[in-house]
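Asks: The structure is given below, and queries will be raised subsequently.
Bear in mind these aren't lab numbers, they're just calculated from the coordinates by the rules spelled out. Predicted model, so just to flag it, every value in this text is computed and none were measured. Here Cβ is always computed from backbone atoms with ideal geometry, including for glycine, and neighbour counts include all displayed protein chains.
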């Protein structure tokens, strides 16, 4: 059973990477470790950055409530980290359970494996392990915190390891049980969308916590204790698994037995249920209604189709909404947002190209059928660039108006709208141009463009974005603040001419360069479009 699971996982991870083309034109298969590390790396980065932050902020809070005159068997540290384990546990469950459903029923290998002498439980376990990479962020924000908590609380190393491992295994089992139950009523599309939303919320939560933790840690212990006293009965209720873990880390043998007994029982239940799975996602059942087929005309049928396709796919849905969340987070944690254009354009411009590529790849999968549509090929292709362009521009204008009305940006923030529009327009056209450079490329995976094309795209977009907004925003700020102006001139070798050139002239030059590059890529698209036909 073990060898079969490893073999299934090996082929699954290999399929996540595009074969590498050699100089002689042949393809070389890559190992599975590259794909695995690509998913695990964000979790390692997030967890590694949170751990030292939480250690230095809470290292002085291992204070028993009894020392503050409160009749509770816990410390302030127990409640704070108990709250963290509870939140991360819920996020992991809500992320991992639907990911199992989406991965199990989307995989092309599932039906093939069912025809082989492989147990259903082996297929399910392999799929569950494969899905774990999609829930990596909550785990990455939880595992290092166990070490931080044990270090500050000065718990036993052996009991801390047993408690931490036991909690992770228990979370995996509870989430797997949830995945089995969700498969009874959750559709594949909704499971994929929910997984992506929860992944998105994990990033949102990480950024929010990073901004809010300093304020939380600076609160005096006496005030903190009064607030946490009311929460302790809920957060550290004896029925929560993380409460068992905290007890185990403190050296409680009865709770250690309870924890691992629950693990054994759940393991048997999941093994039994996984062998009874039908491997088919249920649909909501309803009364069948006879309805007449009506053909409705639309002024913009292609745009309407592209819009629905983009929001139906969970990954593009994530890409379209992601640039909104960082500005929203900073609205609550920052006093000034005059530099928000840099954050937005760095994310949205790159994503605009990726979304345009995904949009045109839908037609590429059907090619040459789209040539039979009653519409010009040019309109069909350019609608793919227009859709992400208009969505991101509307998002940025809405964010700009919102931060201005909130009083966290001056009226000068509106100057950034024009270069943002130009960069996103160029990025969308560039994405289409890169795809049409090789329209017969492999479309079976999400990484449609090659690594070199990704680096080229990111390099040119980041170069234009930073070159326009960083010196431009600093220049505008310095015109209103003499002290900043003097510091900038001093930094630039006391050259006033260099100060005006870099701050006032360079952004304008790059704006016109963006217009020129857009026109150039537009002509490339027209030429490559003819060859595709």
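Asks: Can you tell me the relative contact order of the range 301-532? Whole percent, Cα pairs under 8 Å, sequence separation 6 or more. It would help to have the intermediate numbers written out before the result.
Replies: Numbers: 232 pairs, mean separation 57.8, N = 232.
Averaging sequence separation for qualifying contacts and normalising by length gives 25 percent for the range 301-532.
Asks: Could you give the length gained by full extension between residue 372 and residue 490, i.e. 0.36 nm per residue of separation minus their alpha carbon distance, to one decimal place?
Replies: 36.1 nm
Asks: At residue 265 and residue 230, where each label point lies 7 Å from the Cα along Cα→Cβ, what is the point-to-point distance in nanometres?
Replies: Simple spin-label model gives 3.5 nm for this pair.
Asks: So if we plug the beta-carbon distance of residue 452 and residue 276 into 1/(1 + (r/R0)^6) with R0 = 45 Å, what FRET efficiency do we get, rounded to 0.05? Present the calculation step by step, with values, prior to reporting the outcome.
Replies: On the way: r = 48 Å, r/R0 = 1.06.
Efficiency, rounded to the nearest 0.05: 0.40.
Asks: Here is a follow-up. Quick check: pseudo-label points 7 Å beyond the Cα along Cα→Cβ at residue 402 and residue 53, how many nm apart are they?
Replies: Going from the residue 402 label point to the residue 53 one covers 2.1 nm.
Asks: Roughly how many nanometres apart are two label points built 7 Å out from the Cα toward the Cβ at residue 417 and residue 483?
Replies: Simple spin-label model gives 3.2 nm for this pair.
Asks: R0 = 25 Å: FRET efficiency of residue 70 with residue 90, Cβ-based, nearest 0.05? Can you show the working numbers first?
Replies: Values: r = 27 Å, r/R0 = 1.07.
FRET efficiency, residue 70 to residue 90: 0.40.
Asks: Figure the gain on full extension for residue 60 and residue 509 (residue separation times 0.36 nm, minus the Cα-Cα span) and round it to one decimal in nm.
Replies: Details: separation 449, 0.36 × 449 = 161.64 nm, distance 5.33 nm.
Once the chain is fully extended between residue 60 and residue 509, it gains 156.3 nm.
Asks: Another question about this same structure. So how much slack lies between residue 156 and residue 185, counting 0.36 nm per residue of separation and subtracting their Cα-Cα distance, in nm? Mind dumping the intermediate values first?
Replies: Values: separation 29, 0.36 × 29 = 10.44 nm, distance 4.37 nm.
Here the answer is 6.1 nm.
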